[in-house]
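One structure is given here, and the rest of the page talks about it.
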DNA sequence: CCCATGCTGTCATCTTATTGTCATCAATTC
DNA sequence: GAATTGATGACAATAAGATGACAGCATGGG
């Protein structure tokens with residue numbers, strides 16, 4: 001999964017650093033801002049996936065910023081976690097009413113904060129499972145993560161599954177190894193092009209028992225193609 | 001008909017007792033909580049059919065709790081009756097907007113309260129409290145909170161029970177740990193994803209004596225799947 | 001009220017499936 | 001038949017899941 005970008009809006013350097021450290025540690029990308037203005041700037045440039053917002057900010061307060069964020073069509077769907085100093089009920093209510101999706105009271109435990117961040121992100125990014133795709137007698141269902149050929153189960157590793165899924169949704173077209181790397185492994189992966197060969201072979205091997213290995217075709221000098229012929 | 005479970009969320013012991021007495025008297029099951037946290041706990045364990053919610057609560061207020069309840073897929077259909085101290089219209093509106101289905105102002109007459117509760121339950125009755133579900137030789141009955149395999153009782157803890165129930169009602173589909181956390185633990189719980197593994201193991205261990213542990217399948221890289229194969 | 005018991009969530013550790021890379025072999029191309 | 005280009009089998013590193021242990025709580029009896 002592509003790591004999410006998290007914007008920290010916090011004026012106190014010490015806390016900002018603490019947050020940044022923990023969040024980076026957890027494998028997320030971190031953006032920082034000390035006030036509402038720089039927050040907006042960051043948002044325009046980077047469009048974070050989640051915002052950690054300090055309740056008290058110099059100038060425009062966190063609550064106001066949250067309201068602004070909610071009012072803007074571009075940002076109204078970004079989940080906001082409010083950081084409040086006191087655990088006062090009034091604050092909590094206001095925080096939630098102001099558009100924050102969750103709040104954490106300082107001092108907070110890194111564990112809890114990270115858990116809340118993850119929960120928020122997970123809820124907010126409903127993965128589209130995708131429809132069952134078919135090619136000839138081959139069927140692949142992302143929802144159940146199963147592949148069958150003429151009703152017989154086909155065993156695939158994760159990478160081969162993704163590879164076949166891509167092929168079945170992009171039939172008849174030739175893809176170079178580089179293109180396949182981008183599509184299946186993602187653009188940031190640093191993997192040898194030859195590795196594609198190996199996975200192609202593994203996919204073929206998995207399709208061999210049901211005599212469908214010939215669907216994965218080599219186009220010499222160009223790459224590979226999936227075809228129902 | 002199975003008597004309904006009613007959760008009372010009220011911090012004042014005197015009122016809580018009064019409510020509990022009346023409601024028990026009327027033949028319902030009573031659950032109690034003094035604040036939002038213990039309310040959530042009760043809900044996770046017992047899933048009430050109706051919630052009586054005090055407007056003013058220490059910590060997270062009743063309004064906020066109501067909103068949270070509405071936001072969670074598991075609880076969003078549970079009818080909520082809000083208890084407000086003052087009869088102010090503003091409060092009432094807010095209470096209703098916050099997701100409450102009805103409100104009663106304190107001091108209230110037990111007669112009136114019970115009438116409203118019954119009306120609410122009656123209106124909301126068509127909600128299937130959970131039919132007995134079966135998968136192969138496995139049977140799970142939410143009503144009796146029992147699980148049997150080929151007639152042999154299967155011992156499960158509360159979490160494993162909910163997990164199995166979810167699986168049995170969502171057969172064949174793969175769920176990521178994150179999705180299972182949302183579905184079984186609720187969206188507000190902050191729990192490690194690895195914890196899912198442990199409960200999966202416990203569920204398998206419980207199903208092992210009846211040789212049905214293989215129904216809970218691991219889909220490497222994706223999550224888990226329940227399947228009758 | 002206190003203790004026994006059971007349930008939970010978390011860790012640290014162990015196991016195993018999957019991955020990426022090579023070296024080598026086979027085929028095509030010119 | 002030399003030079004490319006792809007196929008394959010082996011292998012070590014890695015990542016992901018399974019498992020056992022454990023401490024904190026909650027629950028329910030006594």
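We did not get these values from a lab; they are worked out from the coordinates using the rules stated. This one's a predicted model, so the numbers in the text were calculated from it and none came from an experiment. Don't worry about glycine lacking a Cβ; one is built from the backbone with ideal geometry, like all the others, and counts go over all protein chains shown.
The table below gives the values:
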{"read-out": "Per-pair calculated FRET efficiency, R0 = 30 Å: residue A:172 and residue B:197 via Cβ, rounded to 0.05", "value": "0.15"}
{"read-out": "Helix-only CD estimate at 222 nm, as mean residue ellipticity for chain A, using -39500 (n - 2.57) per DSSP H run (n ≥ 4)", "value": "-11500 deg cm²/dmol"}
{"read-out": "At 7 Å out from Cα toward Cβ: residue B:143 inter-copy label distances (nm, ascending)", "value": "2.9"}
{"read-out": "Kirkwood hydrodynamic radius over Cα pairs of the range B:181-225, then Stokes diffusion coefficient at 10 °C and 1.306 mPa s, in µm²/s", "value": "138 µm²/s"}
{"read-out": "Shielding by partners, peptide B:60-69 (average Cβ within 10 angstrom, other chains)", "value": "3"}
{"read-out": "GNM top mover of A:205, A:39, A:66 - chain A, alpha-carbon springs below 10 Å", "value": "A:205"}
{"read-out": "Isotropic mean projected area of the C-alpha convex hull, the range A:5-124 (nm²)", "value": "6.5 nm²"}
{"read-out": "Neighbour-count ranking [beta-carbon atoms within 10 angstrom, fewest first] of B:210, B:196", "value": "B:210, B:196"}
{"read-out": "Spacing of the two label points (7 Å from each Cα toward its C-beta) at residue B:144 and residue A:68, in nm", "value": "6.2 nm"}
{"read-out": "For A:134-146, mean number of other protein chain Cβ atoms within 10 Å", "value": "3"}
{"read-out": "Relative contact order of the range A:5-124, pairs being alpha-carbon contacts under 8 Å that are 6 or more residues apart, as %", "value": "23 percent"}
{"read-out": "Mean shadow area of the range A:7-51 over all directions, Cα convex hull, nm²", "value": "2.7 nm²"}
{"read-out": "Mean separation of Cα contacts under 8 Å (6+ apart) over length of the range A:26-86, as relative contact order %", "value": "35 percent"}
{"read-out": "Cβ-derived FRET efficiency at R0 22 Å, residue B:56 paired with residue B:26, nearest 0.05", "value": "0.30"}
{"read-out": "Compactness relative to 2.2 N^0.38 Å, alpha carbon Rg of the range A:133-226", "value": "1.02"}
{"read-out": "Contact order relative to length of chain A, as percent, for alpha carbon pairs under 8 angstrom and 6 or more apart", "value": "12 percent"}
{"read-out": "Neighbouring partner chain Cβ atoms per residue of B:172-184, average, 10 Å criterion", "value": "3"}
{"read-out": "FRET E, pair residue B:14, residue A:219, Förster distance 56 Å, beta-carbon r, rounded to 0.05", "value": "0.10"}
{"read-out": "Compactness of chain A as Cα Rg over 2.2 N^0.38 Å, two decimals", "value": "1.37"}
